[in-house]
1. For segment 10-23, give me the residue count where each residue is crowded, with 18+ Cβ neighbours inside 10 Å and either of a type in the set (A, V, I, L, M) or under 15 Å from I73 (Cβ atoms) (or both).
2. Considering each of Q31, Q26, Q51, Q72 in turn, give the residue that is surrounded by 12 or more Cβ atoms within 10 Å (Cβ to Cβ), among the polar types (S, T, N, Q) and either more than 18 Å from V118 (Cβ to Cβ) or out of contact with any strand residue (DSSP E or B) (no Cβ under 8 Å at 6 or more places or on another chain) (or both).
3. Tally time: how many residues in segment 75-87 are under 12 Å from the mean Cα position of the chain (by Cα) and either exposed (fewer than 14 other Cβ atoms within 10 Å of the Cβ) or of a type outside the set (A, V, I, L, M, F, W, C) (or both)?
4. Tell me which of these Y94 doesn't satisfy, since it passes every other one: (1) surrounded by 14 or more Cβ atoms within 10 Å (Cβ to Cβ); (2) hydroxyl-bearing (S, T, Y); (3) out of contact with any Asp or Glu (no Cβ under 8 Å at 6 or more places or on another chain).
5. Which condition from (1) under 22 Å from K9 (Cα atoms); (2) modelled with pLDDT under 95 is the one that Y54 breaks?
6. Scan segment 73-90 and report the pairs whose first residue is free of Cβ contacts under 8 Å to residues at least 60 places away in the same chain and closer than 20 Å to H18 by Cβ and whose second residue is of a type in the set (A, V, I, L, M, F, W, C) and surrounded by fewer than 18 Cβ atoms within 10 Å (Cβ to Cβ), with Cβ atoms within less than 6 Å and a gap of 6+ or a chain change.
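The values are calculated or read from the model by the stated rules, or taken from the named source; none is laboratory data. Computed from a prediction, not measured in an experiment: that's the story for all the values here. Here the Cβ positions follow ideal geometry from the backbone for every residue, glycine too, while neighbour counts run over all protein chains shown.
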Amino acid sequence: MTTEEITYKINGCAMKVHNALGNGFQEVIYQRCLAIELEKAGLNFGREIEQTIYYEGIEVGTRRADFVVESQIIVELKALINLEDVHLAQAKNYVVAYDFPVGLLINFGATSLQFKKVYNPKYNAKK
């Protein structure tokens with residue numbers, strides 16, 4: 001499955017969750033519901049996966065990724081009224097630090113579901 005196909009499925013799962021719950025819940029509730037939908041969609045994923053962060057090839061710490069899907073895409077969830085530039089920067093940094101080609105930032109807290117796709121420039125993906 002290509003990263004495009006995977007992200008399409010993830011976005012569809014997120015839409016199902018947002019349509020059912022709306023906004024206003026804590027992030028962990030959306031995370032649990034998204035896990036149910038990802039499983040129903042047949043996607044291989046890990047939740048709260050600890051990822052090593054490297055600086056110039058040296059391990060400098062760890063951070064838990066909300067989801068790693070099909071070992072190709074990092075998914076970061078938010079439950080905020082609106083995404084801000086700092087959240088997008090965070091998602092971009094995670095994609096680079098975790099060395100994944102693509103990441104998704106999904107915000108369940110807004111009236112309409114918000115998606116942002118971020119790329120790791122190392123993989124020469126289209127922006």
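1. Of the residues in segment 10-23, 4 are crowded, with 18+ Cβ neighbours inside 10 Å and either of a type in the set (A, V, I, L, M) or under 15 Å from I73 (Cβ atoms) (or both).
2. Answer to the check: Q31.
3. Result for segment 75-87: 3.
4. (3)
5. The failed condition is (1).
6. Going by the 6 Å Cβ cut-off, the qualifying pairs are N82/A110.
Residues are listed down the side, and each one gets a yes or a no for (1) touching a helix residue (DSSP H, G or I) at 6+ places or on another chain (Cβ under 6 Å); (2) free of Cβ contacts under 8 Å to residues at least 12 places away in the same chain; (3) at positive phi; (4) not aliphatic (A, V, I, L, M):
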residue	(1), (2), (3), (4)
A20	no, no, no, no
Q26	no, no, no, yes
A41	yes, no, no, no
I49	no, no, no, no
E59	no, yes, no, yes
V68	no, no, no, no
D99	no, no, yes, yes
F108	yes, no, no, yes
V118	yes, no, no, no
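Okay, residues lined up against (1) more than 15 Å from the chain's Cα centre (by Cα); (2) in a helix (DSSP H, G or I); (3) of a type in the set (F, W, Y):
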{"residue": "Y8", "(1), (2), (3)": "no, yes, yes"}
{"residue": "N11", "(1), (2), (3)": "no, yes, no"}
{"residue": "A14", "(1), (2), (3)": "no, yes, no"}
{"residue": "N23", "(1), (2), (3)": "yes, no, no"}
{"residue": "L34", "(1), (2), (3)": "no, yes, no"}
{"residue": "L38", "(1), (2), (3)": "no, yes, no"}
{"residue": "V60", "(1), (2), (3)": "yes, no, no"}
